[in-house]
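The values are calculated or read from the model by the stated rules, or taken from the named source; none is laboratory data. Worth saying up front: this structure is predicted, and the values here are computed from it rather than measured. Every residue, glycine among them, receives a Cβ derived from its backbone with ideal geometry; neighbour counts consider all protein chains shown. We work out accessible area using only protein heavy atoms, side chains counted, and drop any ligands, DNA or RNA first. Shrake-Rupley method; radii C 1.70, N 1.55, O 1.52, S 1.80 Å.
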Amino acid sequence: MSAKKGLNLTLKIWRQKNNKSKGQFETYKISDVSTDSSFLEMLDVLNENLINEGKEPIAFDHDCREGICGMCSLYINGRPHGPDTGITTCQLHMRMFKDGETITIEPWRSAAFPVIKDLVVDRSAFDRIMAAGGFISVNTSGNTTDANSILVPKEDADKAMDAAACIGCGACVATCKNGSAMLFVGAKVSQYALLPQGQVERKRRVLNMVKAMDEEGFGNCSNTGACEVECPKGITLEVIARLNREFTTSSVDRG
């Protein structure tokens, strides 16, 4: 049986030395790419070729390569994480592309995610939002309560787990025409607001996290729904609705 033919591709990749310099697209050719390889493995091969040619490799983010960590963040042919749904960039496989195709690869585009180098962006804005309220208070005095002894309605537990699936990759921000982070913040607020353990900081949590989100320069939500479509973990607009309710009630209670 004859071997499966590899793909011959043209790659238009964004290159940028740092966030102070002006970037530009550079074109690369790569041949005989296995359709069984992942998108990041294809970039690994390209970088190996560049190194062998004495050229600087392309910087891109990655870590677990299992769709869990949220590090990989490429805008591929006009879509966050590329031409598939429910996956991160590391889970995208080359069988989604055709032989002879031109693939355009960019970093996340958001004022709140400045480019560090090439395809790598600084997403520490998400960390600062989490530091503002993404935590709970627990008793560590030795008289702690077993988590399994705290009753939680099944529906609330399911919704909290769905929200907690957010990996903070930033695809919601990258695809939003306003650069909004409300799907991310809504998911983080929801996972705590729905559970008994999150009630102590419930009101100040949402106020502080929304304040931090605004200070980081993220835009507001205009209900386009692109974030829901491109979220690799299927986070829905329901979390944004809950975020708005939590914020409104907490603001009124604060007076």
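Values as computed for the structure displayed
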quantity	calculated
Segment Arg109-Ile51, extension gain: residue separation times 0.36 nm, minus the distance between their alpha carbons	18.2 nm
Rg(Cα) / (2.2 N^0.38 Å) computed for the range 148-244, rounded to two decimals	1.07
Amide H within-cut-off set for Gly82, under 5 Å, with H built and near neighbours excluded	Ile76
Theoretical FRET efficiency, 1/(1+(r/R0)^6), r = Cβ-Cβ of Thr248 and Thr85, R0 25 Å, to 0.05	0.20
Between helix 238-254 and the chain: long-axis angle, C-alpha atoms, 0 to 90°, nearest 10	40 degrees
Within the chain, percent of DSSP bridges classed antiparallel, to nearest 5	75 percent
Asp158 paired with Lys22, simple spin-label distance in nm, labels 7 Å along Cα-to-beta-carbon	5.5 nm
Interchain or long-range residues, amide H under 5 Å from Ser180's placed H	Gly219
Helix-derived mean residue ellipticity, 222 nm - over the chain, DSSP H n ≥ 4, -39500 (n - 2.57), to 500	-10500 deg cm²/dmol
Two-site FRET efficiency, Ile150 against Thr224, from Cβ-Cβ distance with R₀ of 30 Å, rounded to 0.05	0.20
Amide H within-cut-off set for Ser37, under 5 Å, with H built and near neighbours excluded	Met94
Percent carbon-and-sulfur accessible area, the chain, ignoring ligands, DNA and RNA, probe 1.4 Å	50 percent
Nearest 10 degrees, 0 to 90: helix 39-52 Cα axis against the chain principal axis	50 degrees
19 Å Cα-Cα threshold exceeded, pairs from Lys22/Lys177; Lys29/Lys98; Lys29/Lys55	Lys22/Lys177
Kirkwood hydrodynamic radius of the range 1-109, Cα pairs, Å	14.5 Å
Label of the coordinate-derived value, volume of the Cα convex hull per residue in Å³, listed as (i) 120; (ii) 227; (iii) 180	(iii)
Angle between the chain longest axis and helix 154-164 axis [Cα atoms, degrees, rounded to 10]	40 degrees
Peptides ranked, highest mean first, by Cβ atoms within 10 Å: ranges 244-253, 17-26, 120-129, 184-193	184-193, 120-129, 244-253, 17-26
